[in-house]
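Worksheet: the structure to be examined is printed underneath.
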Amino acid sequence: MTAVDAPSAGGGGPGVPDPHDAADRALLAALAAVIDDDHIVPLAARAWRVEPGAAGEVAEVVRLANEHRAALLPVGAGTRAPRLKGTGERARLHLALTRLDQVVHLDETSLLCHVQAGLTGSGLERVLTPRGLSLGDYPPSILGSTIGGLIAVRTPGKSSARHGFLEDAVVGVSAVLADGRTIHTRIAPRRATGPDLARALCGSEGTLGVITGAVLRVHQRPDSRLLAAFVLPSMDAALAAVYLALREEATPAGLRLLDAEDARSWYGDGVLAPGEALMVAATAGATDLAACDRDLIASAVAAEGGRAADVALAEQWWKRRHSSESWPGPPPTFQVTATPGRLRGAYHAVCGAARNAGGFPRGHISRFDADGAVVFVAFCDGDGAPLTGAAAERVRDAAIAAARAAGGWLPGARALALDPYLIALRAQLDPHGIMNPGALVA
Amino acid sequence: MAIDPDRLRRELEAVVGPRRVSMRAADLDTYAQDMWPRLLFARRDGAPPSPRGHAVVWPETVREVAAVVKAARGLGVPIIPYGGGSGVCGGVVPVHGGVTLDLKRMTALRAVRADELICDVEGGLSGERFERELARRGFTFGHFPSSIYCSTVGGWLATRAAGQLSTKYGKVEDRVAGLTVVTGTGEVIDTDGPARALGGPNWTQLLLGSEGTLGIITSARLRLSPAPQLKLYRGFEVDSVAAGTEAIRRILQRGLRPAVVRLYDELDTFVNSLGGGHAEHDDAAGPHRAPAPEPGTGALPHLPSAPRPDTGDGAVARFLALGKRKVAGLRRELTSAALARPRLVNGVIGAIAEKVARKGCRMVIGLEGARIRTEIEAALVYAELERAGARDMGEEPGRAWLAHRYAVSYRMSPVFRSGAFVDTMEVAASWAQLLDLYHSVREAIGRHAVVMAHFSHAYPDGCSIYFTFIGQADDRAGSERLYDAIWRDGLEAASRVGGTISHHHGVGLLKGPHMRSEHREAFAILAGLKRALDPDDLMNPGKLGLAAPRWTGARP
């Protein structure tokens, strides 16, 4: 059975005429003229997964969706579940760009890589690695997502001290606007030709355009990578050491601070005394610079009363970070981003609130960049097992309130005061409201 | 719609009081222009600026700015923000009249947070006072444009400006944590918050560079760096532009971040070697220079005195800072008559430059920052330069550049008085297109004017090129025609090879006609932003290539 034969798969039911039947049939017939039937897959009532095979086909699908007022819901590699609510009476097209998975051009002179949006980060790394290049020091855990998804959806983890926030790597994007127009922002290292229009699409979750490709800055693989581990008297001292080193312009490739509870669940007893903190760090680049950065961090640690620890702790961290092997103990279920001056407060507020609510928190701080860092916390019971049910809810609610009060940013946060302008911009670019309706602002 | 000047005055005075509103002709003339060279042709002829605005207002608070915008909006009158007036693209020209808001009374540096390395500063603060105040507290913003004495923080942000040390500290848009903006509807918005933790488009990046067309930037949270503990500036020479750009590319792509990377092409090197920027003596242009930084404080020097009046053909040579003892033949070539035949002069100068300055192209490489890391980076940078065959000229060229780095703009006036004109075109491209860009734009400008170039503001993925050109025509109309032809051909050449039409001077009126070819279909996003933030199309109309409203207001 082809998609065209089943325009309202799962909908209506035998004998019940679907009022949308004729409209859906027309939409599907039009889509089938653009894309093979194999790539139009019924998902649910009035919902289809559409898999165009080229940027031109994406433009045509968007144009048809606009013409038929169907909702377009972009899906990436599927690392997030597709949202099925919030599209009202519209037919829904889940637009998957997974077939657009090519490296279009690799400019090894400028270290720029033009990729299609459906290529995954790890797919890109497979092309770059043999050429001595890399996307950058981003946590390998994000690389399973598609490039389009990484750019369109914000999460605070896409950042590193050495290479900044992932969006800073975006030199230009190709995208399809709601009316089916394809745009390619101009490629230049920097410009002064009005606002950075590519940044309108980054983080826009498909509401302003469907990103079909991007030109990304890539980096040479470092000559050396050095690892180090340190024990500090407290998380406060560890944070102070980090910022001391960053002020001296150390730019680590990876950096993580673990509190005593977190370190125990990862490395067992005996690594830290209660209240102490563990710092694991990776530095990379030209060998002299990597060594310089490692030494700057070591000096900062010493200045804050810390000492070197067994480098095997850092090696274990780095190995696990780059493999699919999971960490021992429950994974963190809570994260809050805070600026450098508020990190300490955010960490203590969240952990304190969790304890007061009867939980046993353990946490680490990582993803340092100019904006600050991210505090990750797992809420456990007295035996180190993850909290569940009402107890978990209670602890989580307390942590959320504490994080907000401490000036941290929780996932999904948005500058609400700017919503009217986003709504107005969407109305300009997408007058029929087909682009991921319900996302960002209703 | 006609403007009722009495009503406009009443409404503006209701916001800021009578002392901070002016409708006097002298003020309207002053605020009708910036340093766009094309406007100077009329000024040189003694013609009054046209068009002019209807009023100038000096607000002191963000509330007053918002109230002025609302009042002007109520009357349907355009609103044009004004900073230091140092723009070179006509970005402040009130093409349809209106109210000019001079923000220079909003100068508070409200918070300097050492823990966050962020400050909160108002848009009207002058660059020089900003850096001086930060230096006193042990920080730097790292933004040192040659206009630093006559430009404001808000102007930098509105145009995506670049400072001379941008290779380390970034362009201004790389250093912004949040903006406070009065939109076209008179509302005040803040864009703060770490972009990576927030959903939705990055509004900071959508408002930076909007040149007053989307709103007025009244204050900003800017990232600071600790004041540098060490400064290492040296001169080098390479055989050719190609060898120099290749060395710079390798340095940047190894992850090294010198603060200053400047590579002068053969002509620029030659002119400079005669005293235009790094020579040991400069008898011709000496009095016109900005003074060197004060050694004790590390801060900026005080304002230079006004240049002396100058006349005659010698002014062109004077801009090029040709000393008395230097190459009389070349000096003769650079007379007004010769400027009428730029291709010949470009060729002649090229030949002389090659003969006299056989050494190749001059580079200035500066590193600064934290002591230990800067020393190690410097060693790695110098090693890359050596590998590229660059010859170390020692510290003197670096010191001389540092000392005179704000001088060049002050040397332009004598050229204009002499009847010629000088302007600069700053374009940029990825490394793979860079030499194409250099040759294409140089050839395009060289059809009309004497042209030289240097490469500065380098990035791992590309670099900008700064062309300086000097032209001359018989009269004002001829000068304008020639000037327009240079820009049209130069920017078309840049677009054709995949470069951008502006790296850091902005768009204003000058590059507006080229914005569609710059952005192509993506211009739709800019048009959408315009309607979303300025639904009445009153914010600095006619700039950034955005269509101007039908305006029939009476000229005052």
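Things worth noting here:
- Options B:79, B:118: the member that is within 14 Å of another protein chain (Cβ to nearest Cβ) and among the hydrophobic types (A, V, I, L, M, F, W, C): B:118
- Only a single criterion out of (1) touching a strand residue (DSSP E or B) at 6+ places or on another chain (Cβ under 8 Å); (2) crowded, with 24+ Cβ neighbours inside 10 Å; (3) modelled with pLDDT of 95 or more is not satisfied by residue B:452, namely (3).
- Of all residues in segment B:170-191, exactly one satisfies the criterion of being over 20 Å from the mean Cα position of the chain (by Cα), facing another protein chain (nearest Cβ under 8 Å) and among the acidic types (Asp, Glu), namely B:190.
- Residues (closer than 17 Å to residue B:468 by Cα and among the aromatic types (Phe, Trp, Tyr)) located in segment B:402-453: B:406, B:410, B:416, B:421, B:438
- Selection from segment B:381-426 of residues that are buried (at least 19 other Cβ atoms within 10 Å of the Cβ) and on the phi > 0 side of the Ramachandran plot: B:419
- Selected residue [surrounded by fewer than 24 Cβ atoms within 10 Å (Cβ to Cβ) and more than 10 Å from chain B (Cβ to nearest Cβ)] from A:92, A:199, A:186, A:126: A:126
- Matching residues in segment A:207-217 - criterion: being in contact with an Asp or Glu (Cβ under 9 Å, 6 or more places away or on another chain) and aliphatic (A, V, I, L, M): A:208, A:215
- Failed condition for residue A:74, given (1) closer than 21 Å to residue A:433 by Cα; (2) at pLDDT below 95; (3) out of contact with any Lys or Arg (no Cβ under 9 Å at 6 or more places or on another chain); (4) assigned to a helix (DSSP H, G or I): (4)
- Taken as a whole, the condition of being in contact with a Leu (Cβ under 8 Å, 6 or more places away or on another chain), under 24 Å from residue B:70 (Cα atoms) and away from chain A (no Cβ under 13 Å) does not apply to residue B:91.
- All helices (runs of 4 or more DSSP H) inside segment B:353-468 with 1 or more residues being within 14 Å of chain A (Cβ to nearest Cβ) and in contact with a helix residue (DSSP H, G or I) (Cβ under 7 Å, 6 or more places away or on another chain): B:371-387, B:431-446
- The set of residues in segment A:293-302 that are closer than 18 Å to residue A:275 by Cα and either outside any helix (DSSP H, G or I) or out of contact with any strand residue (DSSP E or B) (no Cβ under 6 Å at 6 or more places or on another chain) (or both) contains only A:302.
- Among the residues of segment A:129-142, the one identified as part of a helix (DSSP H, G or I) and in contact with a His (Cβ under 9 Å, 6 or more places away or on another chain) is A:140.
- Residue-level analysis places residue A:193 outside the set of residues that are farther than 29 Å from residue B:506 by Cβ and at the interface with chain B (Cβ under 9 Å from one of its Cβ atoms).
- Which listed residue is of a type outside the set (Phe, Trp, Tyr), buried (at least 19 other Cβ atoms within 10 Å of the Cβ) and closer than 23 Å to residue A:209 by Cα, from A:396, A:426: A:426
- Enumeration of residues in segment B:253-274 that are of a type in the set (Gly, Ala, Ser) and on the phi < 0 side of the Ramachandran plot: B:259, B:273
- Matching residues, segment A:266-291, being surrounded by 16 or more Cβ atoms within 10 Å (Cβ to Cβ), in a helix (DSSP H, G or I) and touching a residue at least 12 places away in the same chain (Cβ under 8 Å): A:266, A:267, A:290
- Which listed residue is touching a Gly at 6+ places or on another chain (Cβ under 7 Å) and more than 27 Å from residue B:507 (Cβ to Cβ), from A:174, A:159, A:145: A:145
- Filtered by the rule that a residue be away from chain B (no Cβ under 14 Å), out of contact with any Gly (no Cβ under 8 Å at 6 or more places or on another chain) and of a type in the set (Gly, Ala, Ser), segment A:269-302 gives A:270, A:273, A:275, A:277, A:302.
- Flag for residue B:175 being surrounded by fewer than 24 Cβ atoms within 10 Å (Cβ to Cβ) and touching a strand residue (DSSP E or B) at 6+ places or on another chain (Cβ under 8 Å): yes
- Residues that are β-branched (Val, Ile, Thr) and within 33 Å of the chain's Cα centre (by Cα) within segment B:1-27 comprise B:15, B:16, B:21, listed in sequence order.
- Residue check for residue A:238: among the hydrophobic types (A, V, I, L, M, F, W, C), more than 7 Å from chain B (Cβ to nearest Cβ) and under 22 Å from the mean Cα position of the chain (by Cα): no
- Residues of segment B:469-509 satisfying the condition of being among the aliphatic types (A, V, I, L, M) and farther than 24 Å from residue B:267 by Cβ: B:477, B:507, B:509
- Scope segment B:14-57; condition crowded, with 18+ Cβ neighbours inside 10 Å and of a type in the set (S, T, N, Q); matching residues: B:22, B:33
- Condition check for residue B:68: out of contact with any strand residue (DSSP E or B) (no Cβ under 6 Å at 6 or more places or on another chain) and under 19 Å from residue B:28 (Cα atoms): no
- Per this entry, residue A:127 is not counted among residues that are within 20 Å of the chain's Cα centre (by Cα) and touching a residue at least 24 places away in the same chain (Cβ under 8 Å).
- Sole residue being in a helix (DSSP H, G or I) and either at pLDDT below 95 or farther than 19 Å from residue B:213 by Cβ (or both), chosen from B:487, B:551: B:487
- Checked against the criterion of being within 11 Å of another protein chain (Cβ to nearest Cβ) and buried (at least 24 other Cβ atoms within 10 Å of the Cβ), the candidates B:100, B:167 yield just one match: B:167.
- Test: residue in segment B:499-513 that is at pLDDT below 95, more than 11 Å from chain A (Cβ to nearest Cβ) and not in a helix (DSSP H, G or I): no
- Residue within segment B:221-241 that is free of Cβ contacts under 8 Å to residues at least 40 places away in the same chain and aliphatic (A, V, I, L, M) present: no
- Matching residues in segment A:143-177 - criterion: being farther than 25 Å from residue B:170 by Cα, of a type in the set (Val, Ile, Thr), within 11 Å of chain B (Cβ to nearest Cβ) and not in a strand (DSSP E or B): A:153
The values are calculated or read from the model by the stated rules, or taken from the named source; none is laboratory data. From a predicted model like this one, the values you see are computed outputs, not experimental measurements. In this analysis, Cβ positions are derived from the backbone assuming ideal geometry, glycine residues included, and neighbour counts consider all displayed protein chains.
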